[in-house]
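The next block holds one structure in the form of structure tokens; read it before the comments.
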């Protein structure tokens, strides 16, 4: 996940629209991928800091529940 998503994401965003891509210029696509990596970096540090205070079971349960809420919200918005 960590390497696959930004690698494919860059190709997808810079591919021409007639080939199924987004047709975004390479500078913008690189900024999006760089932001992804930066937020992964921040998430690791935040997770590490919170891991010292909360159990891994509580952290995983919270994030999984939050993910389900985001998925349900996204599903509702599509209709």
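FYI, it's all coordinate maths here, none of it is from the lab. Note that the structure is a prediction, hence the values are computed from the model and not measured. No Cβ is skipped: glycine too gets one built from the backbone with ideal geometry, and neighbour counts run over all protein chains shown.
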From the Cα trace of the chain, what convex hull volume per residue do you get, rounded to a whole Å³? 112
Expressed in nm to one decimal, what extension gain is obtained for the pair residue 63 and residue 31 from 0.36 nm per residue of sequence separation less their Cα-Cα distance? 8.9 nm
Stretched out fully, how many nm does the piece from residue 38 to residue 8 gain, at 0.36 nm a residue minus the Cα gap? 9.1 nm
Per DSSP helix of 4 or more residues, -39500 (n - 2.57); summed, then divided by the residues of the chain. What does that give at 222 nm, rounded to the nearest 500? -25500 deg cm²/dmol
So if R0 is 25 Å, what FRET efficiency would residue 76 and residue 46 give, r being the distance between their Cβ atoms, rounded to the nearest 0.05? 0.35
